[in-house]
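Report on the following structure.
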Amino acid sequence: MSATNNSRSDEHSIAVYLDDDFDPRNEIIESGPSPHTKHEIQELIETCYSTSISLLHEQLTDSDMPIIVDSAIIRKKCTELKLGYNQITSEGVKTLADALKKNSTLEHLNLFHNNIADQGVYYLTQALLSNEKSKVKMLFIGYNQITDKSIEYLCNLLKSNRNIVHLGLSNNEISDRGIIVLANVLTNDNITLKELYLWGNKSIGDMCVDALADMLVYNRSLMKLVLFDCNLSDLSKERLREVVQSRKDFGLFL
C-alpha cells in the first residue's frame, strides 16, 4: 500500500479515509431477523438531534426500511443517512429509492457492507436520475457484491447528474472491464466527481491502466483515487504515479 503527493501514507491513518465509516474491526455481520421493533427504530432516529441519522451496525433488514424511510427521510428530512453494516438487500433499497424519487434534502447516503447487489444499484440510480431536485452528493456502496453491471447504471447517472462528488465502490466484484467504462465516462462526460474509492476490488488489474491514465490526464476535477488492495502490478502503479506527479494536490492511494 502506498500513497503519493499529499495523501497519507501511514496504514492506520489511511483507514479513516478509505470509505465512509469503514470499520476494519467489524466486517462480519451476523444474519438473522432484525432485533428492533418499529417503535425502537423510530426512537433511534428521534434521538438523533441533528439531521444526520446513523444506524450503523443495527442488524437492520428489508422489513425495517419502511419505518426508516418514514421517520428519517420523510418526517425528519435528514441530510445524512448511514445504514452501513446491516442486512439490507435490493428489496430494502427499492423502498428507499421510491422515497428518493421525490426527496430534495438527503445529501449523504451510506449503504456500505450490506447486500444490495446490482439490482439495488439499479433502483438507486433510477431514482436519482428521475429526480431533478435530488441533492445526493455522497454515495457509498462498497462491500455489496456489485459487479460491472452496476458500473453501467452508475455511468448513466454520472453522465447527467452534477451532484455526485464522492463515490465509494470498494470491496466489490468490479473488473477491468467495468473500470474502463467508468474511466471513459469520467474522462469525457463528467466534471463533478472529486473522490473515487475502488480499493479491494481484486479483479481490477493491468488491463484498465491505459483508461485510468487517460482519466487522470484529462479529468481535472477528480482529486482522490483509492486503488490499493486491487491487482495492479508494480509497473502499472508506477505509471499512474508518474501521471499525477505534477498534481501536488491529488491523492493517489496504491
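The values are calculated or read from the model by the stated rules, or taken from the named source; none is laboratory data. Here the structure is a predicted model, which means the values were calculated and not measured. Glycine gets a Cβ as well: all are built from the backbone with ideal geometry, and neighbour counts include every protein chain shown.
Worth pointing out:
- Any hit, region 90-99, residues being crowded, with 19+ Cβ neighbours inside 10 Å and touching a Gly at 6+ places or on another chain (Cβ under 6 Å): yes
- Region 184-234, residues that are in contact with a strand residue (DSSP E or B) (Cβ under 8 Å, 6 or more places away or on another chain) and basic (Lys, Arg): 194, 224
- For region 132-153, the criterion of being in contact with a Lys or Arg (Cβ under 8 Å, 6 or more places away or on another chain), under 28 Å from residue 191 (Cβ atoms) and touching a residue at least 60 places away in the same chain (Cβ under 8 Å) is met by no residue.
- Options 81, 106; residue that is part of a strand (DSSP E or B), aliphatic (A, V, I, L, M) and within 14 Å of residue 134 (Cβ to Cβ): 81
- Checking each residue in region 132-155 for being crowded, with 17+ Cβ neighbours inside 10 Å and among the polar types (S, T, N, Q) picks out 134, 144, 147, 150.
- Number of positions in region 224-254 that are within 22 Å of residue 173 (Cβ to Cβ) and in contact (Cβ under 8 Å) with a residue 40 or more places away in the chain: 6
A quick yes/no check of all residues on (1) over 28 Å from residue 130 (Cβ atoms); (2) hydrophobic (A, V, I, L, M, F, W, C):
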| residue | (1), (2) |
| --- | --- |
| 141 | no, yes |
| 171 | yes, no |
| 189 | no, no |
| 204 | yes, yes |
| 208 | yes, yes |
| 220 | yes, no |
| 248 | yes, no |
| 251 | yes, no |
| 254 | yes, yes |
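Each row is one residue, and each column tells you yes or no for (1) surrounded by 15 or more Cβ atoms within 10 Å (Cβ to Cβ); (2) part of a loop (DSSP other than H, G, I, E, B); (3) touching a Lys or Arg at 6+ places or on another chain (Cβ under 9 Å); (4) at pLDDT 55 or above.
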| site | (1), (2), (3), (4) |
| --- | --- |
| 34 | yes, yes, no, yes |
| 39 | no, no, no, yes |
| 48 | yes, yes, yes, yes |
| 58 | yes, yes, no, yes |
| 64 | yes, no, yes, yes |
| 85 | yes, yes, no, yes |
